[in-house]
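Visitor: Supplied in structure tokens, the structure appears directly below.
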Amino acid sequence: MLSVHKQMVFIAGPRQTGKTTFTQMQAEDFNNSLYFNWDILDEKRKLIENPFFYEEVHRKDKSMPLIIFDELHKYSNWKNYLKSVYDRDNGNYKFIVSGSDRLDMYQKGGDSLAGRYFIFYLWPFTLAELAGNNLPFKQFMSNPIEVRSCPNETQPVWNRLSRFSGFPDPYLNRTDQFYRIWSNTYRKQLLREDIRDFILLRSIENMETLFSLLPSKIGGPLSMASLARDIHVSFDSVRNWIKIFENFFMVFRIPPWSQKISRAITKEKKLYLFDYAGIESQAAKFENMVALELLRAISNWNDLGLGIFSLHYLRNREKKEVDFLLSNNHNPFLLIEAKLSDDHAAKSLIKFQKILNIPAVQLVNKSGICKLVSDNNLKIMIISADHWLSLLP
């Protein structure tokens, strides 16, 4: 992407997913590169004194240099600064802009950079990334429920993700004690430092209480009115706080599917956590893990310009539900149900498949499951989650 297009590349995503490490790895592909970090006082001074300081990059040859701006969003005038940098030097340098989760939130706040950047997301580790067995995208789209072969080592990787989450530090450390320390510190750092510094809150305690209740809400439509009653705050407060959690990549939500978009907007969304390892309910944790795998996939497909993909769930007035629906350009193409151990096709999955007439997959959280259920021309693949997800493009 850097070599093909002239736009700056923004790297956004949750904290501690390795954005700085990733950008430094990109610099290895360039003979000439310069890494700038706003958090380093001397570098901050250098930019203030000379906005085009990067011209002094040490050059090994005449090839185009790569300039990496890290944590630049903390600079109050960062968008206007990048606009001037890009307009002046987009033909002379390549630019990567990375930082904490705030980068994604800030860039949505104005259009001064419109047309000057492409944004990509770096998520916590997912099974498909770690297993490295991904199917080619076109092959997956042509038949997402084909019978697949998969190495046996994917189940241990899936189990480690379930235990330690996909954030690099706890996943690589692989001890329960480290995960608990890391998770507690991570949550407090976001709530009591990042969010409180960014937004004036009268009661950070109520916001913390709200976040502590969310793991028990995984798997069903999230009622903000019910949460507001539980913690004795206004509906608007809960709605605003949930949006803040989203902006800081603590949670993500998926909307219900509806052919009438206006109807979908008024319905409750389902909420999931990026740090899911601490969810007590095994069924809820399993669904959350599947949700993140699917989010990573459609995010990458969209980033790469492969389509206009979105992730939804299905629920009718009788409260019959299918966990996930994947669509491309507002056309549904795959239903996915997550079951902890039931390897019989779910009645709701059969019902909605007949309505939509699209392929369906039922993911089961145990190994060794792989069978195809047919009903006339409709087919449902019932398969071990680690088996199917490890091959997701």
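Visitor: Cα atoms only, region 8-121: Rg and Dmax in Å?
Guide: 13.3, 38
Visitor: Based on the mean of other beta carbon atoms within 10 Å per residue, what is the order of 376-387, 33-44, most packed first?
Guide: Working: 376-387: 19.5, 33-44: 15.1.
Taking the mean over residues of other Cβ atoms within 10 Å, the ranking is 376-387, 33-44.
Visitor: Here's another thing I want to ask about it. To the nearest 10 degrees, how steep is helix 204-213 against the longest Cα principal axis of the chain, on a 0 to 90 scale?
Guide: 40
Visitor: Shape verdict for region 261-376, please, from the Cα gyration tensor: rounded (a/c under 1.5), prolate (a/b greater than b/c) or oblate.
Guide: Taking the square roots of the gyration eigenvalues as a ≥ b ≥ c, region 261-376 is rounded.
Visitor: Here's something else I'd like to know. When ranked by the protection proxy of mean other Cβ atoms within 10 Å per residue, highest first, what sequence do the peptides 333-341, 47-55, 233-241 form?
Guide: In decreasing order of mean packing, 333-341, 47-55, 233-241 become 333-341, 233-241, 47-55.
Visitor: Let me ask something else about it. Go through K217/K339; K347/K379; K19/K94; K138/K366; K94/K138; K44/K74 and tell me which ones have a Cα-Cα distance over 19 Å in this structure.
Guide: Those over the limit are K138/K366; K94/K138.
Visitor: Using only the Cα atoms of the chain, what semi-axes does the equivalent ellipsoid have when each is the square root of 5 times a gyration tensor eigenvalue? Give whole Å, largest first. Display every interim value, and only then the final one.
Guide: Values: eigenvalues 284, 133, 84 Å².
Calculated on Cα positions only, the semi-axes equal 38, 26, 20 Å.
Visitor: Any idea what the relative contact order of region 127-389 is, in percent, if you count C-alpha pairs under 8 Å spaced at least 6 apart?
Guide: 16
Visitor: Could I ask something else about it? Which value, in debye to the nearest 20, gives the size of the charge dipole of region 8-121 about its Cα centre, when Lys and Arg are +1 and Asp and Glu are -1 at the Cβ?
Guide: Computed about the Cα centre, the dipole is about 200 debye.
Visitor: Take the chain, connect every pair of alpha-carbon atoms lying under 10 Å apart with a spring to form a Gaussian network, then pick out the residue of R163, R174, R45 with the largest mean-square fluctuation.
Guide: Taking springs between Cα atoms under 10 Å, the residue moving most is R45.
Visitor: Got a sec to turn the phi values of region 23-30 into Karplus ³J(HN,Hα) couplings, 6.51 cos²θ - 1.76 cosθ + 1.60 with θ = phi - 60°, whole Hz, x for Gly and Pro?
Guide: 5, 5, 5, 5, 5, 5, 7, 10
Visitor: Continuing with this model, one more query. Among DSSP beta bridges whose residues both lie in the chain, state the antiparallel percentage, nearest 5.
Guide: About 45 percent, rounded to the nearest 5.
Visitor: Further question on the same structure: Spelling out what I want: for every residue of region 349-366, take phi, set θ = phi - 60°, compute 6.51 cos²θ - 1.76 cosθ + 1.60 (Karplus), and round to whole Hz; glycine and proline get x.
Guide: Coupling constants for region 349-366: 5, 4, 4, 6, 5, 5, 6, 8, 6, 10, x, 9, 10, 10, 8, 10, 8, 8 Hz.
Visitor: Nothing charged except the Cβ atoms of Lys and Arg (+1) and of Asp and Glu (-1): what's the magnitude of the dipole of the chain about its Cα centre? Round to the nearest 20 debye.
Guide: That gives the chain a dipole magnitude of about 1100 debye.
Taken together, the values in this text are just the output of simple stated rules run on the coordinates, not laboratory data. All values reported here derive from a predicted model rather than from experimental measurement. Backbone-built Cβ (ideal geometry, glycine too); neighbour counts: all protein chains shown.
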